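Everything below concerns the one structure shown next.
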Amino acid sequence: MKKINPGKLYALILAGCLLLLGTGVVFADEPETVDNGLPVVYVTIDESQGTIAAMNESEDHSVHCKGTVKIDVPEGFHYCDMPDTACKSLPETGMDIRGRGNTTWSAKKKPYKIKLDSKENVLGLGKNKHWVLIANAYDHTLIRDRMTGWLGDAIGMEFTPRGVPVDLVMQNTDGSFHKYLGSYYLSENVRIDKNRIEIDELDETVTDPNSLEITGGYLVQGGVQKPLDSPSLFYTSNGELSWANDSPSFDPADGAVVEAQRDYIRNYVQEFENALYSIDYSGQNGPSYRDMMDLEAAAKYWLIDAASMNGDGYGTGSTYFYKKRDTVSDGVTTPGKIYWGPLWDFDYAWGDGSEYEEFRLVHDWVLAMLYDNGEGGFFREVKAQWPAVKNALAEMTRDGGIIDQYSDEVRASQAQDYKVNPPDKEAYEKEYVYQEEVDALKVWIDNRVAWMDAHLDDLDNRFLKITFMAEGKIADTKFTEKGNTIPEVIGPEKDGYVFIGWAKEDGTLVKEDTTAEENLTLNARYLPDSEATHATMLYLRTDEDYVNINEAPLQQYNITCSVLPQDAQDRKVIWESSNEEIASFDEPGLLQLHNVGDVTITATLKYNRSVSKSMKLHVVDTKLPALESVT
């Protein structure tokens, strides 16, 4: 071997370092080539119109970048689940790109949304301008979203976003930045459009509140991650649930706001909830919820969410339903129903660190629907749809099935992705082996299916209805499971009186730990102000705290609050979060964590608003700081 003079070697290394520093290119941990047998997406950014760094640092995704995208497809390539679909390269095409996602945006591996300048048939998925690049930063198998899309199609859901694995390279036009970002899932997105949710679209010309056109179509998503001042956010009255209008959005920033459309869909959603809570399934005293919602779509959606134990199910903006337009034939109007779906965001599902022996029943509407277990009801439809879901899941996990096919197809890409996006060593306690992850996924699904098959009937007659009455009127309605504590409902205010609790028919007050064993009607009890003992003080356990969003059980944080004197009858506390995108209250004193950041939590006595205490909570995704002192 020819020896190199040490001085020359030093000079060569120094020259190379200077060259790299001069161009700004970072090749640390970056492979020299991207050739994993998959299509490669090249995103080229013109940083004169917005920098990559600014886009990646934009928490609200308001910073866009301009540039081009092209896709190189290996000769003769087709995806394993689309053998007859032509998979062609995409020539350089103009596009706009920005960040996307909520919790996933805080990860090192960023997800993106792309809007092409023109509609293109991308990798055989159909023509559209709008596409997303999902990072799967928390899914070590890289296939959970893809297999969920396959499952939705397999059981006949109307629309399930489909996607394919790709490798992603991002660069800029002057050549100073070029980086392999990893293995991504290029997917359709959720929107009303051709090759997406194909229902009637509304535009600003539809203004007549009595027209057929105004009845659809609408796309609605969970509103918990929307800012409190978002014009798209709205609440229902009975369940106090938040929703957000996705399409139309009714945000002036997105275009003209048609108030008649906004009023129609929000009134329809409220009317649906009223019908659901009334349990008038015959529709004799108004519309039945069964006539307003497609039960088959709702049952399929719930079964997939339940089978996967989706951590985001019914609790984030990834929960969707859409409302179709009414139709008229021979003078007879057929209502356009609510359809649950599409399935979206299942990277935090399918056994991601959870047990498989439980039902996650977290949504008020779901409890009310499962309460309907009679002929023609939701629970009967769930039972009818379960065999098809079970069979499709068996096809996924069998040897050589969908999971094996998908994991084999992405295996080389995953190995290269692992080099640039290794799992967090602190969060991942054992050595990471891809095949072990895939095998564990299959075992978990098989165990979950067997457990659900044995316990689905347990949901029959498991739910109760609690009606809260005040002054002869229904104040609230709640559904719960037998054996659970009676849901907490704050009584309506009454001038000159203090609400002291809810009483059963025999007059006894319900205590905080009272369990429900049968359907109940509870009546509000009051005391005159002059006879009541009033709360005068409250204390929080601390005025500042830190919590790791990745380590908190169920991503929740419990706040300890003391109200004095202890015999006060007006002890109710109102909880407020200064930023519900970071953390919001699922129930009094229990925070649901959504994103990293600082949030101020305020507790206020309901009947004495002058008494309040606040604390600052730092939600982080890194190691918690060491405790320095206790006061």
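The values are calculated or read from the model by the stated rules, or taken from the named source; none is laboratory data. The shown structure was predicted, so the numbers you read here are calculated from the model rather than taken from an experiment. Using ideal geometry, Cβ is built from the backbone for each residue, glycine included, and neighbour counts are taken over all protein chains shown. Keep in mind that these areas ignore ligands, DNA and RNA; they rest on the heavy atoms of the full protein, side chains included. Shrake-Rupley method; radii C 1.70, N 1.55, O 1.52, S 1.80 Å.
The table below lists the values:
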item	result
Strands (runs of 3 or more DSSP E) (entirely within the range 93-198) containing at least 2 residues that are small (Gly, Ala, Ser) and within 24 Å of Cys80 (Cα to Cα)	178-187
Residue within the range 430-446 that is closer than 29 Å to Trp365 by Cα and without any contact (Cβ under 8 Å) to a residue 24 or more places away in the chain present	no
Qualifying positions in the range 110-156 - hydroxyl-bearing (Ser, Thr, Tyr), modelled with pLDDT of 95 or more and open to solvent by 10 Å² or more (accessible area, probe 1.4 Å)	Ser118
Enumeration of residues in the range 218-250 that are under 12 Å from Arg262 (Cα atoms), in contact with an Asp or Glu (Cβ under 9 Å, 6 or more places away or on another chain) and assigned to a loop (DSSP other than H, G, I, E, B)	Pro231, Ser232, Pro248, Phe250
Qualifying residue in the range 174-181 (condition: among the polar types (S, T, N, Q), modelled with pLDDT under 95, open to solvent by 10 Å² or more (accessible area, probe 1.4 Å) and farther than 21 Å from Ile304 by Cβ)	yes
Within the range 231-241, tally of residues that are within 20 Å of Pro342 (Cβ to Cβ) and at pLDDT 85 or above	1
Residue within the range 422-434 that is more than 27 Å from the chain's Cα centre (by Cα) and part of a helix (DSSP H, G or I) present	no
Residue count for the range 581-592, restricted to those that are closer than 20 Å to Thr316 by Cβ and in contact with a Ser or Thr (Cβ under 9 Å, 6 or more places away or on another chain)	5
Criterion (assigned to a strand (DSSP E or B), among the aliphatic types (A, V, I, L, M) and under 22 Å from Gly317 (Cβ atoms)) met by exactly one of Val619, Val611, Val563	Val619
Pick from the range 521-536, criterion assigned to a loop (DSSP other than H, G, I, E, B) and either acidic (Asp, Glu) or free of Cβ contacts under 8 Å to residues at least 60 places away in the same chain (or both), ranking: surrounded by the fewest Cβ atoms within 10 Å (Cβ to Cβ)	Thr533
Failed item, numbered, when Ser413 is tested on (1) assigned to a loop (DSSP other than H, G, I, E, B); (2) buried (at least 19 other Cβ atoms within 10 Å of the Cβ); (3) of a type in the set (Gly, Ala, Ser)	(1)
Out of Thr397, Thr467, sole residue that is in contact (Cβ under 8 Å) with a residue 40 or more places away in the chain, surrounded by 13 or more Cβ atoms within 10 Å (Cβ to Cβ) and touching a Ser or Thr at 6+ places or on another chain (Cβ under 6 Å)	Thr467
Subset of the range 271-287 that is within 25 Å of the chain's Cα centre (by Cα) and either basic (Lys, Arg) or closer than 19 Å to Arg325 by Cβ (or both) - its residue that is least open to solvent (accessible area, probe 1.4 Å)	Phe272
Output for the range 86-105, where each listed residue is open to solvent by less than 50 Å² (accessible area, probe 1.4 Å) and either within 28 Å of the chain's Cα centre (by Cα) or modelled with pLDDT under 95 (or both)	Cys87, Met95, Asp96, Ile97, Gly99, Arg100, Gly101, Thr103, Thr104, Trp105
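Yes/no matrix, rows are residues, columns are (1) among the hydrophobic types (A, V, I, L, M, F, W, C); (2) closer than 13 Å to Gln171 by Cα; (3) open to solvent by 30 Å² or more (accessible area, probe 1.4 Å):
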residue	(1), (2), (3)
Asp35	no, no, yes
Gln49	no, no, yes
Ser58	no, no, no
Pro74	no, no, yes
Phe77	yes, no, yes
